[in-house]
Amino acid sequence: MRYALISDIHANLEAFEAVLKDIKSVGVDNTLFLGDIVGYGPNPNECMDLLLKEADLSLGGNHDWAAVGMTPSEYFNPYAKSAMDWTVEVLRDDLKDFLLRTRAQDTFDGIQVAHSSPLNPEQWQYIMTQKDAVANYPHIQGDICFIGHSHQPIVIECAGPDNIKALRVDAITLSPGMKYLVNIGSVGQPRDSNNHSCWVVYDSDLGSVEFRRVGYDISVTQKKMSDAGLAIYLIDRLSEGR
């Protein structure tokens with residue numbers, strides 16, 4: 001089976017549409033969304049409508065939960081908090097009802113997925129260091145767990161709690177006996193100095209993971225953000241990939 005894994009769309013419709021086109025071009029059996037459909041961007045309603053049509057599983061992220069009062073937004077930085085306040089005002093009630101029913105971690109066809117981490121998924125912790133990876137290692141239920149949240153694609157290969165390494169690769173074939181944490185990057189706001197949207201194809205039969213990058217017309221999204229009065233910082237970071 002082939003799976004598309006997407007995350008952190010953040011109300012960026014142009015990026016989402018470009019990724020969906022790429023997904024259709026390569027062909028998958030199911031599409032799994034790992035959270036944060038809203039926040040930062042100018043098209044929360046349109047992106048959610050599209051997600052409900054296209055995704056076979058949808059997790060909630062910290063921005064999704066903040067939009068419906070399930071997690072506090074007070075810890076957000078001022079730019080994220082301002083964008084969240086705007087999102088809450090414009091997001092339709094029926095879509096808020098959907099977000100209220102989302103989970104921060106789930107499984108699909110035995111594939112473990114979480115927005116932030118398999119350890120305490122509702123605390124929105126980042127996996128950024130060796131120590132973070134070691135803490136999460138016991139919570140990988142099978143051979144692989146896919147995550148988002150940091151907007152930075154990476155593969156963490158675990159031979160054991162004392163043998164963990166981070167790999168920045170375009171593709172990888174899973175090795176028997178290893179466990180993997182795979183951050184699938186971000187569709188709507190990449191932060192790895194590459195402004196192209198990022199998503200992952202996972203082939204469970206071949207045991208392969210492929211990262212795909214997709215360009216889109218960033219200027220269209222930026223104009224929408226400007227028209228909505230969203231912060232210049234958020235507008236600029238899209239073209240800078242940070």
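Take the residues of the range 195-242 that are surrounded by fewer than 19 Cβ atoms within 10 Å (Cβ to Cβ) and of a type in the set (S, T, N, Q): which is farthest from Ile184 (Cα to Cα)?
Checked the range 195-242; the qualifying residue farthest from Ile184 (Cα to Cα) is Ser226.
Could you tell me whether any residue of the range 145-162 is farther than 23 Å from Thr31 by Cα, of a type in the set (A, V, I, L, M, F, W, C), part of a strand (DSSP E or B) and more than 14 Å from the chain's Cα centre (by Cα)?
yes
For residues in the range 73-94 being under 24 Å from Gly185 (Cα atoms), modelled with pLDDT of 95 or more and touching a helix residue (DSSP H, G or I) at 6+ places or on another chain (Cβ under 8 Å), which is surrounded by the fewest Cβ atoms within 10 Å (Cβ to Cβ)? Full working, then the answer.
Here is the first cut: in the range 73-94, the residues under 24 Å from Gly185 (Cα atoms) are 73, 75-84, 87.
With modelled with pLDDT of 95 or more added as a condition, the list becomes 76-84, 87.
Keeping just the survivors that are touching a helix residue (DSSP H, G or I) at 6+ places or on another chain (Cβ under 8 Å) gives 76, 79-80, 83-84, 87.
Working: Phe76: 18, Tyr79: 15, Ala80: 20, Ala83: 28, Met84: 19, Thr87: 25.
The selected residue is Tyr79.
What strands (runs of 3 or more DSSP E) completely inside the range 176-242 contain at least 2 residues that are closer than 16 Å to Ile9 by Cα? Don't jump to the end; show me each part of the working.
Working: elements: 179-183, 197-203, 208-214.
Correct list: 197-203, 208-214.
Rundown of residues vs (1) of a type in the set (Lys, Arg); (2) closer than 24 Å to Lys224 by Cβ; (3) free of Cβ contacts under 8 Å to residues at least 24 places away in the same chain, yes/no style:
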position: Arg2; (1), (2), (3): yes, no, no
position: Leu13; (1), (2), (3): no, yes, no
position: Tyr40; (1), (2), (3): no, yes, no
position: Asn43; (1), (2), (3): no, yes, no
position: Cys47; (1), (2), (3): no, yes, no
position: Leu52; (1), (2), (3): no, yes, no
position: Ser73; (1), (2), (3): no, yes, yes
position: Val90; (1), (2), (3): no, yes, no
position: Ile111; (1), (2), (3): no, no, no
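Looking only at the range 109-139, filter to residues that are exposed (fewer than 14 other Cβ atoms within 10 Å of the Cβ) and out of contact with any Ser or Thr (no Cβ under 9 Å at 6 or more places or on another chain); which one of those is farthest from Gln152 (Cα to Cα)?
Pro138
Can you pull out the residues in the range 90-135 that are part of a loop (DSSP other than H, G, I, E, B), of a type in the set (Val, Ile, Thr) and within 17 Å of Tyr180 (Cα to Cα)?
Result: Ile127, Thr129.
The values are calculated or read from the model by the stated rules, or taken from the named source; none is laboratory data. None of the values given here were measured: they were computed from a predicted structure. Every residue, glycine among them, receives a Cβ derived from its backbone with ideal geometry; neighbour counts consider all protein chains shown.
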